[in-house]
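The values are calculated or read from the model by the stated rules, or taken from the named source; none is laboratory data. Bear in mind the structure is a predicted one, so any value in this text is a computation, not a measurement. Here the Cβ positions follow ideal geometry from the backbone for every residue, glycine too, while neighbour counts run over all protein chains shown.
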Amino acid sequence: MAEIQINSLSKSFGKSKVIKDISLSIQSRSFTVIVGPSGCGKSTLLRMIAGLEKIDTGEIKIAGKSVNDLPPKDREIAMVFQSYALYPHMTVFNNMAFGLKLEKKSKSEIENRVKEAARILQIENLLDRKPKQLSGGQRQRVAIGRAITRNPKVFLFDEPLSNLDAALRVATRIEIANLHDSMPDATMVYVTHDQVEAMTLANQIVVLSEGQIEQIGSPLELYEEPDNLFVAKFIGSPAMNIIPIEILTTGINPVGKINEKIKITLETKFSSSDKGREFHLGFRPENLMLAKTDKNSFTADVSLVESLGEYALVYANIKGSSSDYNIIAKLLGTPKISKGDQVSFQIQKSKMHLFDEEGRRYINGKKQV
Amino acid sequence: MSFFSLISTILVGVLFFIIYFGLSNFILDFICRFKKNSIALENSVRAIIFIFPAFLVLFIFILYPVFETVRLSFYDKFGREFLGWNNYLWAINDPNFRRSILNNLGWLLIVPTLSTFFGLVIANLTDRIWWGTIAKSIIFMPMAISFVGAGVIWKFIYDYRGTDDHQIGLLNAIVVSLGMEPQAWLTISIWNNLFLMAIMIWIQTGLALVIFSAALRGIPNETLEAARIDGASEFRIFWSIIIPFLERTILVIWTIITILVLRVFDIIYAMTNGEWQTEVLANLMYDWMFRGGGDSGRGSVLACCIMIGVIPILFWNLYRHRQEQKYEN
Ligand SMILES: Nc1ncnc2c1ncn2[C@@H]1O[C@H](COP(=O)(O)OP(=O)(O)OP(=O)(O)O)[C@@H](O)[C@H]1O
Ligand SMILES: [Mg+2]
């Protein structure tokens, strides 16, 4: 019961505008992940929700109440920092109990709550240690435990896993997912630049770029229907292939031209005025397959093959009218392709994405807003 | 000594050491060529060769004077006749000595504590305001002044003229403008000690401030923010997060100032010369050692007292250092 409502929020540091008129609503009990490239303002946005950063203009409401002028401690939030931010001279127990002590809770209640959080995170045997004596993963658990004990309405995570090694990151990610299941009343807001974390943890992903929201949606919506070129390139790994295409004919089975030789039948409905326009054709590496027929196929020169056993990444060049385009294909198994080959590819049916000159998704003759 | 004889002395000294190190290493190498399998021995001998000159200097200029002072403290004023514990008995019964011990204790309790306290608080406050750097520079400036120079400055603050005269002392000017009687501050015994300590605090706060400011930078911002989210007030953060974080720094500064204070001399020498019951051990020692013909026996007793005062602090520091190393390993 703690939805977060953000209304036309802006923030500048000196002359640089870091958050530009963001509006966003985060459902109660949801797990919202904010992703975006480094420096796009994710941390700043999270810190504004936490109350660590002043709001220039706009409003933030938590559970229906404006918190613009509330100090962090009165917002009923807890935050987990990338650097753990534990209190170095306190034991793990005291780290987790500090907030409760400040709330003047009784000794037995403090003890119960800390023990309970320690049990959930499996750090019961570490309670007497100092942060210095813990590994990175253990420290991060203590930091999460410190957040849990205070029983907040909203959890804020700022890249909590980025200081951990790959294996530990996966394990802790799963723990955080479990944590959300075990605390169904809490709203979680999670900042990361790792799209795997975003895709696996979130009910709702907010893609941020240069202080603006590019798209809000569920992980699959973002993957299958990116609103614009930025999201298309940002979500998915390897990134979506984007090549320019010129519309030759509209009507039924419209055709677009990549170069003089390669013409592709598109699935989008165009209006007749679209004839001759330049669009961006997007298709994911995993939606490319080796052509079985000549229809709608195109050839490309293979420049590199990375074979990973389960699948292979094929890097190839398409000769365009003015320049070459690099594409990547993700083919299952171990295809018999090697560097220098000419390979004929096909795009899977209904897996083409079309974006207009301004980079917006284009469906059925309409710009998506 | 002329310029050239100075240069040649230095040259001779440098040459001597080159020959010393070169020759002794050469001899060691030569011997070791015949004795294989003795690397450990060779290493320790080489270490001794290198440490020896430094140890010699240390011995001549520090250890020897220490022993000599202790020896002299058992002899008469000319250092000729052995008196046993008599000098010490004299000291214990001397009212000036007792006064000095008390004053020294006062200095030791008040000055390091207040300097450290002010340094810490000011470092914290100046971090939050835009003119903090300017404030810090101003507070640090007294560090650049010698104690005697500081004494001269503060003489003007405590200066006293007769009641009919114009008061040129800052403190009296203020007191008079408030309609009260001017005071001869430095003659009011017991209180005058505090007025003298104020000078030392004024100087040492700058030192504490600069070191604390640097140490404060070392506290990660996120830790403080986490505390803020946990609901800690600014005072609570200062008390529960910042002070424990700076514990080591606090101890170091406190020790530095304590040792400085134990030797306090110049300020009192310049301001009151130990009169009106402001003397401390160092001043008393100076008086006995060099004034009125000099009494090396009693002077040495006082010097020993100061030394004994420093020893516990040193040992305690050493102990802490060992503990920390043990903890880190
Ligand atoms: N305290 C500050 N003063 C001035 N500029 C700041 C401050 N904090 C952040 N910025 C700037 O604001 C922009 C956004 O910073 P922010 O930390 O929100 O990025 P981010 O999306 O979290 O990046 P990352 O993924 O690297 O953590 C950056 O360009 C940064 O330089
Ligand atoms: Mg960040």
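Residues of the range A:155-185 being surrounded by 22 or more Cβ atoms within 10 Å (Cβ to Cβ) and closer than 21 Å to A:N112 by Cα, which ones?
Within the range A:155-185, just A:F155 meets the criteria.
Check off (1) modelled with pLDDT of 80 or more; (2) within 30 Å of B:I92 (Cα to Cα) for B:L251 and give me the number that stays unchecked.
(2)
From the list A:E214, A:E159, pick out the single residue that is in the same structural domain as A:I49 (by TED's automatic domain parsing), of a type in the set (D, E) and within 14 Å of ligand 2 (Cβ to nearest atom). Full working, then the answer.
Numbers: A:E214 fails: within 14 Å of ligand 2 (Cβ to nearest atom).
Every option except A:E159 fails the conditions.
Please go through the range B:125-153 and give me each residue that is more than 21 Å from the chain's Cα centre (by Cα), of a type outside the set (V, I, T) and in a helix (DSSP H, G or I), ordered by number.
Passing the criteria: B:L125, B:G132, B:A135, B:K136, B:S137.
Restricting to the range A:45-66, name every residue that is touching a residue at least 60 places away in the same chain (Cβ under 8 Å) and either acidic (D, E) or more than 13 Å from chain B (Cβ to nearest Cβ) (or both).
A:L45, A:I62, A:A63, A:G64 - these are the residues of the range A:45-66 that are touching a residue at least 60 places away in the same chain (Cβ under 8 Å) and either acidic (D, E) or more than 13 Å from chain B (Cβ to nearest Cβ) (or both).
In the range A:175-200, what residues are in a strand (DSSP E or B), among the polar types (S, T, N, Q) and away from ligand 1 (no atom under 16 Å from the Cβ)?
A:T187
Considering only residues that are of a type in the set (F, W, Y) and in contact (Cβ under 8 Å) with a residue 60 or more places away in the chain, look in the range B:61-77 and name the one that is farthest from B:G293 (Cα to Cα).
Just the residues of the range B:61-77 that are of a type in the set (F, W, Y), to begin with: B:61, B:64, B:67, B:74-75.
Cutting the leftovers down to in contact (Cβ under 8 Å) with a residue 60 or more places away in the chain gives us B:74-75.
Values: B:F74: 18, B:Y75: 16 Å.
Step by step, filter the range B:61-77, then rank; the result is B:F74.
Can you pull out every residue in the range A:141-152 that is within 13 Å of another protein chain (Cβ to nearest Cβ) and either within 16 Å of ligand 1 (Cβ to nearest atom) or not aliphatic (A, V, I, L, M) (or both)? Please lay out each step first, then the result.
Kept after step one, since they are within 13 Å of another protein chain (Cβ to nearest Cβ), are these residues of the range A:141-152: A:142-152.
Within the range A:141-152, A:G145, A:R146, A:T149, A:R150, A:N151, A:P152 qualify.
What residue, of B:N25, B:N43, B:N87, is loosely packed, with under 15 Cβ neighbours inside 10 Å, touching a Lys or Arg at 6+ places or on another chain (Cβ under 9 Å) and either closer than 30 Å to B:I201 by Cα or not assigned by TED's automatic domain parsing to the domain that holds B:I259 (or both)? It would help to see each step written out before you state the result.
Details: B:N43 fails: touching a Lys or Arg at 6+ places or on another chain (Cβ under 9 Å); B:N87 fails: loosely packed, with under 15 Cβ neighbours inside 10 Å.
Checking each option against the conditions leaves just B:N25.
Every residue in the range A:186-211 that is more than 16 Å from ligand 2 (Cβ to nearest atom) and surrounded by 18 or more Cβ atoms within 10 Å (Cβ to Cβ), please. Steps first, please.
Our first condition is that a residue be more than 16 Å from ligand 2 (Cβ to nearest atom); within the range A:186-211, this holds for A:186-188, A:196, A:199-205.
Within the range A:186-211, A:A186, A:T187, A:M188, A:M199, A:L201, A:A202, A:Q204, A:I205 meet the criteria.
Looking at (1) surrounded by fewer than 19 Cβ atoms within 10 Å (Cβ to Cβ); (2) in contact with a strand residue (DSSP E or B) (Cβ under 9 Å, 6 or more places away or on another chain), can you tell me which one A:S273 breaks?
All conditions are met except number (2).
For the range A:12-67: of the residues being within 14 Å of ligand 2 (Cβ to nearest atom) and assigned to a strand (DSSP E or B), which is surrounded by the fewest Cβ atoms within 10 Å (Cβ to Cβ)? Explain how you work it out, then say what you get.
Pass one, the range A:12-67, residues within 14 Å of ligand 2 (Cβ to nearest atom): A:13, A:18-19, A:33-50, A:52-53.
Those left that are additionally assigned to a strand (DSSP E or B): A:13, A:18-19, A:33-35.
Numbers: A:F13: 12, A:V18: 20, A:I19: 26, A:V33: 26, A:I34: 29, A:V35: 26.
Among residues in the range A:12-67 that are within 14 Å of ligand 2 (Cβ to nearest atom) and assigned to a strand (DSSP E or B), the one surrounded by the fewest Cβ atoms within 10 Å (Cβ to Cβ) is A:F13.
I'm trying to understand the selection: among the residues of the range A:68-91, which are among the hydroxyl-bearing types (S, T, Y), surrounded by 19 or more Cβ atoms within 10 Å (Cβ to Cβ) and either assigned to a helix (DSSP H, G or I) or within 16 Å of ligand 1 (Cβ to nearest atom) (or both)? Please lay out each step first, then the result.
Looking only at the range A:68-91, we keep the residues that are among the hydroxyl-bearing types (S, T, Y), and these are A:83-84, A:87, A:91.
Going one step further and asking which of them are surrounded by 19 or more Cβ atoms within 10 Å (Cβ to Cβ), we end up with A:84, A:87.
Residue satisfying the conditions is A:Y84 alone.
If we only count strands (runs of 3 or more DSSP E) wholly inside the range A:221-312, which ones have 2 or more residues that are closer than 30 Å to A:D194 by Cα? Step through it out loud before you land on a result.
On the way: elements: A:241-249, A:255-257, A:263-265, A:278-283, A:288-290, A:297-307.
Result: A:241-249, A:278-283, A:288-290, A:297-307.
Condition check ((1) within 14 Å of another protein chain (Cβ to nearest Cβ); (2) without any contact (Cβ under 8 Å) to a residue 24 or more places away in the chain; (3) crowded, with 17+ Cβ neighbours inside 10 Å; (4) under 27 Å from the mean Cα position of the chain (by Cα)) across all residues:
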{"position": "B:M180", "(1), (2), (3), (4)": "no, yes, no, no"}
{"position": "B:I188", "(1), (2), (3), (4)": "no, no, no, yes"}
{"position": "B:N192", "(1), (2), (3), (4)": "no, no, yes, yes"}
{"position": "B:F195", "(1), (2), (3), (4)": "no, no, yes, yes"}
{"position": "B:I201", "(1), (2), (3), (4)": "no, no, yes, yes"}
{"position": "B:A208", "(1), (2), (3), (4)": "no, no, yes, yes"}
{"position": "B:S213", "(1), (2), (3), (4)": "no, no, yes, yes"}
{"position": "B:N221", "(1), (2), (3), (4)": "yes, yes, no, no"}
{"position": "B:E225", "(1), (2), (3), (4)": "yes, yes, yes, no"}
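Kindly evaluate A:K42 against the criterion of being over 15 Å from the mean Cα position of the chain (by Cα), over 15 Å from A:V67 (Cα atoms) and in contact (Cβ under 8 Å) with a residue 24 or more places away in the chain. Before the answer, list the steps.
Working: over 15 Å from the mean Cα position of the chain (by Cα): no; over 15 Å from A:V67 (Cα atoms): yes; in contact (Cβ under 8 Å) with a residue 24 or more places away in the chain: yes.
No: the conditions fail for A:K42.
Please count how many residues of the range A:98-127 are at the interface with another protein chain (Cβ under 10 Å from one of its Cβ atoms) and assigned to a helix (DSSP H, G or I).
Going through the range A:98-127 one residue at a time, the tally reaches 5.
With (1) more than 21 Å from A:M240 (Cα to Cα); (2) touching a residue at least 24 places away in the same chain (Cβ under 8 Å) as the list, and A:S273 as the residue in question, which single condition is left unmet?
Only one criterion in (1) more than 21 Å from A:M240 (Cα to Cα); (2) touching a residue at least 24 places away in the same chain (Cβ under 8 Å) is unmet by A:S273, namely (2).
Per-residue answers, yes or no, for (1) under 22 Å from B:I62 (Cα atoms); (2) touching a residue at least 40 places away in the same chain (Cβ under 8 Å); (3) in a helix (DSSP H, G or I):
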{"site": "B:I268", "(1), (2), (3)": "no, yes, yes"}
{"site": "B:N273", "(1), (2), (3)": "no, no, no"}
{"site": "B:W288", "(1), (2), (3)": "yes, no, yes"}
{"site": "B:G292", "(1), (2), (3)": "no, no, no"}
{"site": "B:S300", "(1), (2), (3)": "yes, yes, yes"}
{"site": "B:A303", "(1), (2), (3)": "yes, yes, yes"}
{"site": "B:G309", "(1), (2), (3)": "yes, yes, yes"}
{"site": "B:R322", "(1), (2), (3)": "no, no, yes"}
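Against the conditions (1) within 16 Å of ligand 1 (Cβ to nearest atom); (2) away from chain B (no Cβ under 14 Å); (3) more than 16 Å from A:S38 (Cα to Cα); (4) not acidic (D, E), where does A:L156 fall short? Just the number, please.
Failed condition: (2).
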